[in-house]
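Read through the structure below, which is laid out as structure tokens, and then see the notes.
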Amino acid sequence: MSETIFGKIINREIEADIVFEDDQCLAFRDVNPQAPLHVLVIPKKPIAMLAHAEAEDGELLGHLMLVARRVARDEGYGDAFRLVMNNGEAAGQTVFHMHLHVLGGRGFQWPPG
């Protein structure tokens, strides 16, 4: 996988408004927010998209979800948030470093697309 903007954020080559970090992932505010809460949770392991994750990534994937829950809670959105992960260009993925969008603070439609 080629170096992405998210890899550069992880390596501190590009600044970001980081709200959480541990040894497995990083969470930061989206520069083009689609809701009052819009944080991206990214793994430090470079996985281009969910379709490229392997069975051994299962624990990491679960960790990303738990971090998303923590971010929503810490930001004051408790149990009222949406998680979105786009997979591939046709699904709207624009940065090919897997990432989870944590959105909250406004009404959402269903179906989402």
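The values are calculated or read from the model by the stated rules, or taken from the named source; none is laboratory data. Not measured: the values here are computed from a predicted model. Glycine gets a Cβ as well: all are built from the backbone with ideal geometry, and neighbour counts include every protein chain shown. For accessibility, only protein heavy atoms count, side chains too; no ligands or nucleic acids. Shrake-Rupley method; radii C 1.70, N 1.55, O 1.52, S 1.80 Å.
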* Accessible-area composition of the range 1-43, carbon plus sulfur, in percent [1.4 Å probe] -> 45 percent
* Asked: For the chain, what's the relative contact order in percent, using C-alpha pairs closer than 8 Å and at least 6 residues apart?
  -> 30 percent
* Counting Lys and Arg as +1 and Asp and Glu as -1, each charge on the Cβ, what is the dipole of the chain about the Cα centre in debye, to the nearest 20? -> 360 debye
* **Helix 58-74 axis, angle to the chain major axis (alpha carbon atoms, nearest 10°)** => 40 degrees
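Cβ neighbours within 10 Å, averaged per peptide: list 62-71, 39-48, 85-94, 23-32 in order, most packed at the top.
39-48, 62-71, 23-32, 85-94
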* To do: Once you have the Cα-Cα distance between ASN32 and ALA90, take 0.36 nm times their residue separation minus that, and quote the gain in nm to one decimal.
  => 18.9 nm
* Structure fact -> Here the equivalent ellipsoid of the chain, derived from its Cα gyration tensor, has semi-axes (largest first, whole Å) of 21, 16, 15
* To do: Kindly report the accessible area of the chain per residue (heavy atoms of protein chains, probe 1.4 Å, no ligands, DNA or RNA), in Å².
  => 59 Å²
* Given the Cα-Cα distance of GLU56 and GLU15 and 0.36 nm per residue of separation, how much length would full extension add, in nm? -> 11.7 nm
